[in-house]
Amino acid sequence: MAETATLYLLRHGEIDRPPVASFDDAVLTERGRAQIHALALRWSLPLPDVVYCSPLPRAVETASVVAVVFRRPMQTVHGLAEWAATEQDVPQEVYRDLERRCWADFDFQNDDGESLRHATDRIVEHLTAIAKRHPRRSVMVSGHAILFALFVALVRGERATEASKDRIGFGHWAVLEYAGTFRFVRDFAP
C-alpha cells in the first residue's frame, strides 16, 4: 500500500488584471499580500515541509509570504507555470474570447502548442511527482486557477470549465491526499 502524501494547493493572492492579456509579470496587490499573510498566520493544519511554486511572480510572491511565516524552504517548479490561451499582448476582451474557444475545444493549441488537454497532463505529472517525493509528509503548492481547475476536474472525473476556474478565487486553497491516486480532503475555499 502506498504511503500518503498531503498536498495543500494554494491559488496566489489578489493581483491587478492589466489591460492586456499577457500578465506573466503581474505581482500581488497590497491586499493580496495581506490576504496571503493572514492565511498563513491562521493556518491550523500541519505545516508543509516545503512550499513549491510556479515561476510566475504572483505565485513566487505568494509562496514567499507563506514560506517566511511557516519558516519553510521554497522551491520553484517551471512545470507549474500557468497556461495561457496566448502569450501575445492583446486586449483582455480579445484574450477572454480566445480562452473561451480553448475551454470549448480542449485540443485547441495556444501559441506554444499546448492545449488545455496538454496542460492537464502537465499539472497531473508535476503534482504527482511532488506527492511521490513526500510520502507521509505535507507540502504546499502555490499556483494558478486554470491549472488547478483542470486538475480538480480530472480528480473528480469531470470536465473542467471556465466556471470551475472562476470558482477558485485569489487565496483559495484545497487539501488533497495522494496514495497512488489523489483524493480531496477539502475543496477550494477561502
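Quick check, is D111 part of a loop (DSSP other than H, G, I, E, B), more than 20 Å from R11 (Cβ to Cβ) and over 13 Å from the mean Cα position of the chain (by Cα)? Yes, satisfied.
Rundown of residues vs (1) buried (at least 16 other Cβ atoms within 10 Å of the Cβ); (2) not polar (S, T, N, Q), yes/no style:
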| position | (1), (2) |
| --- | --- |
| D121 | no, yes |
| V124 | yes, yes |
| K132 | no, yes |
| P135 | no, yes |
| S138 | yes, no |
| R159 | no, yes |
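The set of residues in the range 27-55 being of a type in the set (V, I, T), in a loop (DSSP other than H, G, I, E, B) and modelled with pLDDT of 95 or more consists of T29, V50.
From the residues in the range 4-26 that are at pLDDT 95 or above and touching a Pro at 6+ places or on another chain (Cβ under 8 Å), which one is nearest to E87 (Cα to Cα)? Across the range 4-26, the extreme among qualifying residues is Y8.
I'm checking my understanding of the structure. Among residues of the range 75-90 that are of a type in the set (D, E) and surrounded by fewer than 16 Cβ atoms within 10 Å (Cβ to Cβ), which one is farthest from the chain's Cα centre (by Cα)? Please lay out each step first, then the result.
As a first pass, look at the range 75-90 and keep what is of a type in the set (D, E): 82, 87, 89.
Narrowing further to those that are surrounded by fewer than 16 Cβ atoms within 10 Å (Cβ to Cβ): 87, 89.
Numbers: E87: 18, D89: 22 Å.
Checked the range 75-90; the qualifying residue farthest from the chain's Cα centre (by Cα) is D89.
Based on what the data block shows, is R58 touching a residue at least 12 places away in the same chain (Cβ under 8 Å), under 18 Å from I146 (Cβ atoms) and in a helix (DSSP H, G or I)? The answer is yes for R58.
Total residues in the range 156-183 satisfying the condition of being closer than 13 Å to W103 by Cβ, of a type in the set (K, R) and part of a helix (DSSP H, G or I): the figure is 1. The number of residues in the range 36-66 that are surrounded by fewer than 21 Cβ atoms within 10 Å (Cβ to Cβ) and farther than 21 Å from V185 by Cβ comes to 8. Among the residues making up the range 112-126, a single one is among the small types (G, A, S) and without any contact (Cβ under 8 Å) to a residue 12 or more places away in the chain: G113.
Just give me the residues in the range 166-182 being among the charged types (D, E, K, R) and touching a residue at least 24 places away in the same chain (Cβ under 8 Å), in sequence order. The answer is E177, and nothing else. Taking the criterion of being at pLDDT 90 or above, of a type outside the set (F, W, Y) and within 13 Å of E162 (Cβ to Cβ), would at least one residue in the range 81-91 satisfy it? Yes, because at least one residue in the range 81-91 is at pLDDT 90 or above, of a type outside the set (F, W, Y) and within 13 Å of E162 (Cβ to Cβ). Do we find that E93 is surrounded by fewer than 19 Cβ atoms within 10 Å (Cβ to Cβ) and at negative phi in this structure? Considered against the rule, which asks whether it is surrounded by fewer than 19 Cβ atoms within 10 Å (Cβ to Cβ) and at negative phi, E93 comes out as yes.
The values are calculated or read from the model by the stated rules, or taken from the named source; none is laboratory data. Just so we're clear, the structure is a prediction, and the values are computed from it rather than from any experiment. So basically every Cβ, Gly included, is an ideal-geometry build from the backbone, and we count neighbours across all protein chains shown.
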